[in-house]
Amino acid sequence: MLGFNVNKREVVFRGKLTAVSPLRVGAGQGHKITDLIDLSCIKVTIGDRLIPYIPGSSLKGVLRSAAEGIIRTARLKGNNLNACYPYLDSSCAKRYGNKLMRLQEEVKRSEDVEEAISRLLDFVEKNYCLACRIFGATGIMSHVAVKDCYGIDGSYSFGTRRGVAIDRRTGAVAKRALYTVEFLN
C-alpha cells in the first residue's frame, strides 16, 4: 500500500454532532431470535453503560461524499479538479489499480528505491482524482483519519419504530414483514 511517510501539516477538527431528526447507524440484524429489536443502533460498552456511536469510517464516508460533490462543482466552474465515482468501472481504483500494483512491486524490487517511489508518486499525482488522493483508494493510504463519535454526554434517548416490509417484486406485504427499528433521538 502506498503510504505517506512525510507529514507536512496536520489539521485537527473537534466538534459535537447534534441529530436534528431521528438517527440510526445500524449494527445489522438482531443476533438472537429473542431480540426484541430487529435493526438496532450500534453501541459500545463503556463502564457499565451501552453508549451509541458512529464509526469513524461512516463519518469519513460522509466527508468524502461531500468533498466529491464540492470537487465536481468546482470542475464545472472551470477548475482542473476531478472526483471519480468510486463504485463505477471508471473509478481510479478500477482504471489504474493494476498499474499501481506493478509500480508498488517495482519499488520493492528496485535498486534505486527513491527513483521508483518518485515514479509511483508521479503516477498517482497525474492519474488519480483529487478525492482518491485525499481520502485514499485501493492501494493508496488516506490522508484523512476520522475517529469514532461517541454519545457520551447522556443527552440522547433511544426510540423504536415498527415497519412493514414490502416485497419489491409484487408490491405487497412481504412474508414475516413486521420489523422493529431502533433509532437515536
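Computed extension gain for LEU17 through LYS147, at 0.36 nm per residue and net of the alpha carbon distance, reaches 45.5 nm. Gyration tensor analysis over the Cα atoms of the chain returns equivalent ellipsoid semi-axes of 40, 22, 18 Å (largest first, whole Å).
Under 19 Å of direct C-alpha separation, and excluding same-chain neighbours fewer than eight residues apart, LYS8 reaches no lysines at all. With both labels modelled 7 Å from their Cα along Cα-to-Cβ, the ILE51 to LEU178 distance reads 3.6 nm. If both residues of a DSSP beta bridge must be in the chain, then about 90% of such bridges are antiparallel. Straight-line cross-link partners of LYS16 among the lysines, defined as a Cα under 25 Å from its Cα and at least 8 positions apart when in the same chain: LYS43, LYS60, LYS147. Grouping the Cα pair distances of region 56-145 into 5 Å bins from zero gives a pair-distance distribution of 3, 14, 22, 22, 17, 12, 7, 3, 1 percent in increasing distance order.
Which of the chymotrypsin sites (Phe, Trp or Tyr not before Pro) found in region 116-182 are in a DSSP loop and have at most 16 neighbouring Cβ atoms, other than their own, within 10 Å?
TYR156
Counting only residues at least eight positions apart within a chain, or on another chain, the aspartates and glutamates with an alpha carbon under 19 Å from that of LYS108 are ASP122.
All of the numbers you see were taken from the coordinates with simple rules; none came from a lab. Note that this is a predicted model, so its numbers are computed, not measured. Using ideal geometry, Cβ is built from the backbone for each residue, glycine included, and neighbour counts are taken over all protein chains shown.
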